[in-house]
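The values are calculated or read from the model by the stated rules, or taken from the named source; none is laboratory data. Keep in mind that what you see is a predicted model, and the values were worked out from it rather than measured. Here the Cβ is made from the backbone with ideal geometry for all residues, glycine too, and neighbour counts use every protein chain on show. Calculation scope for accessible area: heavy atoms of the full protein, side chains included, ligands and nucleic acids excluded. Shrake-Rupley method; radii C 1.70, N 1.55, O 1.52, S 1.80 Å.
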Amino acid sequence: MSESRSPRAKALLATAAVTALFAGTAFAQDGKLSLEGKTIGVTVIGTDHDWDLKAYQGQLDEIEKLGGEAIALDAGRNDQTQISQIQTLIAQQPDAIIEQLGNLDVLNPWLQKIKDAGIPLFTVDTATPLAINNTTSNNYAIGADLALQMVSDMGGKGKVLVFNGFYSVPVCKIRYDMMKYVLGSYPEVEIIEPELRDVIPNTIQSAYSNVTDMLTKYPNEGDVGAVWACWDVPQIGATQAIQAAGRKGVQTYGVDGSPEYVEMVADPDSPAGAVAAQQPYEIGKTAVDNVARHLAGQEVPPFTFLPAVLITKANAAETAGPFLPKK
Amino acid sequence: MTAATPVAASSAADPLPETGTGPNRRKALAALAIRLGALLTFAFIMLYFALTARGFLSAYNAFNVVEQSAILGVLAFGTAVVIVGGGAEVQTGGIDLSIAANAGLCAAVFATLSTAGFNPTVVLLATLGTGLAVGALNAFAVVGLGILPLLATLAVMNVAAGLELTLTENTVVSAASPVLAFLQTGRFLGVSTLAWTLILFSALMILVVHHTAVGPRLYAVGGHPEAARAAGLDVGAYVAGTYLFSGFCAAFASVLLVSRLSASTPGTGELLLSVLAAALLGTVFSRRFVPTMGGTLLSTLFIGFLANGFQLLGVSSYWVAGVQGALILLVVAVTSFARPQEH
């Protein structure tokens, strides 16, 4: 490395290094990755949200690209359906199973059965010791960064409305716990009890009416400083509710990078404060690459993190571009 | 075999056996054609899956389907009994639209109380009490207030679904207990507890409904309430009893559900479509197009195999709901045309 490189080139190099680090062994023996003659089972709880669908699509595209055959199962957001699908999937004896999201309490006994059946288990966004590898974002960092941004925007004090309907989903648990951990250092930032419940389906409508009700209950400017959720679909409704109520001084914070919400964050007049935007398609694709590596006898780490970007009101002009809705 | 039994039973209590005259004869022939057609369609679809879907025929897969059908089966039996006791006319007859939502509520009660650390016996009794209470509400609305079952149970469905949401706040409530562990992982002769539950429950239903005095009376109450009343049967009590039984089935199914999912989860109400499909489909196996227990079991398993076959063939599970809806339409349409005129 010569010393004469421009700052821009240095930045690019640094980015490449970070990407390589995040992608783990991705650069080691790529090119030779293949799933020729392999059958990969993919079970997802649902594909009704942008994140879910992109991660699912990333897996299916990569399985096809590597020459494998996918048994792709979408449970339509019904836990019972997913369990039955996993049970039938075990009977089909694929070479590996990738499980994406869902409720860990419900899944655990069945993930155990996958393991007991001798089928290598990989997960997307589901942290469990039963999986050989979990491909995901660094949700610890996401949770802390988002919470710190929120505290900073609030000036270190005020009340937060928190949606906490999905604590049994591992990634939400991590983000929520990290948010609480950060708030531990800022005692003047309080969570309004009882917490709100985000739901699926009708996420946006339900969040809209919940937040509208809470703004009525806390009618004065300054009563509520922020709305937090572990993902961003409820925040679309929350942001609309704040706008409709004409309230100032309340901002929303979410995770995932759903195009509609990123657009709100990028809009200077919208009360959407920040979003941790992930790369679901890359996450899905990388999970499949990890399966291919494992089946080729290579070592695979217990988790692979894909980088996420914290898009804020301040940096949206530079960061939001790739995440905005495709026109 | 089992499908034939209730026909005899129902004819025994039938004061007006329709034989002989032209239109009735044609109807009887049409009914026979539908019955054979339904059986052939079942057989054809099974054969198609057997030939095209890898692993469909294996015993392991078959027992998987039986296990997966246990919850649906218990609920379908509950609905079938309500249809038998209330009469099989689609608009005015017996139906329990609240059964799936009731199961969801019972599951919520079961999981919430288990998590709160109550004694397993207390939890079971409370779950049973919840199911029966919802059943009693249906019975009161239908028998006491005389509301059409279709509307009464639709309203109660919303009450039950609302209570479930209130209790769980639409979240997953996990539950663990030795009873649940036994239900989830127990095996006898290589067959899982859940599969055994369906096998034994079906046997019991067939025995009670088709081989004891209760069955013919129930068919009489549903088919010819006036005649049944004249014969000294308390029609109201029988009909109320069917809704209580349906409530019991919801409670029973909820325990199986929580054991299978280690939790109560939102979305149990979505089972309603499958339950109705199973109960209504079961009617095509009887001459008079009333539900029979054997027919209900057969159609429950058919729906289970349908979902399973679709999965093995890589067809999206979303199609299953569409096919079930189409089946309900088809069965209701066909049986309405072919059902012998009762009055």
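Looking at the protein assembly as shown, what % of the alpha carbon pairs are farther apart than 43 Å?
33
For peptide B:58-66, how many partner chain Cβ atoms fall within 10 Å of a residue's Cβ, on average? Let's see the in-between values first.
Details: counts 2, 0, 3, 4, 1, 1, 5, 4, 0.
Mean shielding count: 2.
Given the pairs A:217/A:327; A:65/A:313; A:285/A:326; A:157/A:313, which span a C-alpha to C-alpha distance of over 28 angstrom in this model?
Violating the 28 Å Cα-Cα cut-off are A:217/A:327; A:65/A:313.
Just checking the output field for A:72-85: average partner chain Cβ neighbours within 10 Å of each residue's Cβ? Each step should come with its number before you reach the end.
On the way: counts 2, 4, 3, 2, 7, 3, 7, 11, 11, 8, 3, 5, 12, 5.
Taking all residues of A:72-85 together, the mean is 6.
GNM on chain B, C-alpha springs below 10 Å: top fluctuator among B:263, B:103, B:88?
B:263
Work out, in µm²/s and without decimals, the Stokes-Einstein translational diffusion coefficient of region A:220-327 at 20 °C, 1.002 mPa s, Rh from Kirkwood over C-alpha pairs.
It diffuses with D of about 140 µm²/s by this estimate.
Once you compute Rg and the Kirkwood Rh from C-alpha atoms, what is the Rg to Rh ratio for chain A?
1.00
Could you state the accessible area per residue of chain A in Å², with a 1.4 Å probe and every protein chain left in place?
With the other protein chains kept in place, chain A gives 42 Å² per residue.
Can you give me the convex hull volume of the Cα atoms of region B:232-313, divided per residue and expressed in Å³?
About 124 Å³ per residue, rounded to a whole number.
Given charges of +1 on the Cβ of Lys and Arg and -1 on the Cβ of Asp and Glu, with all other atoms neutral, how large is the dipole of chain B about its Cα centre, in debye to the nearest 20?
Using only the charged Cβ atoms, the result is roughly 740 debye.
Considering the convex hull of the alpha carbon atoms of region B:145-248, report its projected area averaged over all viewing directions, in nm², one decimal.
Numbers: hull surface 39.4 nm².
Over all viewing directions, region B:145-248 projects a mean Cα-hull area of 9.9 nm².
Amide H of residue B:316 versus every other amide H placed in the peptide plane: which residues, excluding those fewer than 5 positions away on the same chain, fall under 5 Å?
Long-range HN contacts for residue B:316: none found.
In whole percent, how big is the carbon plus sulfur part of the accessible area of chain B, probe 1.4 Å, protein atoms only? Let's see the in-between values first.
On the way: 10640 of 14390 Å².
So the carbon and sulfur contribution to the accessible surface is 74 percent.
Return the long-range amide H neighbours of residue A:165 (sequence gap of 5 or more, or a different chain), with a cut-off of under 5 Å between placed amide H atoms.
Result for residue A:165 returns A:198.
Compute the projected area of the convex hull of the Cα atoms of region A:97-254, averaged over all viewing directions, and report it in nm² to one decimal place.
Working: hull surface 37.6 nm².
Over all viewing directions, region A:97-254 projects a mean Cα-hull area of 9.4 nm².
Taking every pair of distinct Cα atoms and averaging 1/r, then inverting, what Kirkwood hydrodynamic radius in Å comes out for region A:156-248?
That comes to 13.4 Å for region A:156-248.
When you take every Cα atom in chain B, what is the radius of gyration, and what is Dmax, the widest Cα pair distance, in Å?
19.9, 66
Would you tell me the mean number of C-beta atoms belonging to other protein chains that fall within 10 Å of each C-beta in B:165-176, as a whole number?
Average neighbour count from other chains, rounded to a whole number: 4.
Report Rg (one decimal) and Dmax (nearest whole number) for region A:78-166, counting Cα atoms only, units Å.
Answer for region A:78-166, Rg first and Dmax second: 17.6, 56 Å.
For residue A:180, what accessible surface area do you get with a 1.4 Å probe? Give it in Å², rounded to 10.
Only protein atoms counted, so the area is about 90 Å².
Once Lys and Arg get +1 and Asp and Glu get -1 on their Cβ, which of B:305, B:249, B:138 lies farthest toward the positive end of the dipole of chain B?
My answer, from the dipole projection, is B:305.
If you take all C-alpha pairs in region B:55-208, what percent of them are over 19 Å apart?
62
Just from its helices, what would the mean residue ellipticity at 222 nm be for chain A, if runs of 4 or more DSSP H residues each count -39500 (n - 2.57) and the sum is divided by every residue, rounded to the nearest 500 deg cm²/dmol?
Computed mean residue ellipticity for chain A: -14000 deg cm²/dmol.
Put A:204, A:192 in order of accessible area, largest first, 1.4 Å probe: what do you get?
Numbers: A:204 55, A:192 5 Å².
Sorted descending by solvent-accessible area, the residues read A:204, A:192.
May I ask you to evaluate 6.51 cos²θ - 1.76 cosθ + 1.60, the Karplus curve with θ = phi - 60°, for each residue of region A:195-204 and list the ³J(HN,Hα) values in order in whole Hz, giving x for glycine and proline?
My calculation for region A:195-204 gives 5, 8, 10, 7, 10, 9, x, 6, 4, 5 Hz in order.
Taking a probe of 1.4 Å and counting only protein heavy atoms, give the total accessible area buried between chains B and A in Å², rounded to the nearest 100.
2400
Which Cys residues of the protein assembly as shown have no other Cys beta carbon under 4.7 Å away?
B:106, B:249
I'd like the distance separating the alpha-carbon centroids of region A:195-271 and region B:241-290, in whole Å.
For region A:195-271 versus region B:241-290, the Cα centre distance is 38 Å.
Once Rh is set to the Kirkwood radius over Cα pairs, what Stokes-Einstein translational diffusion coefficient, in µm²/s, holds for region B:277-343 at a temperature of 37 °C and a viscosity of 0.692 mPa s?
In µm²/s, the coefficient rounds to 261.
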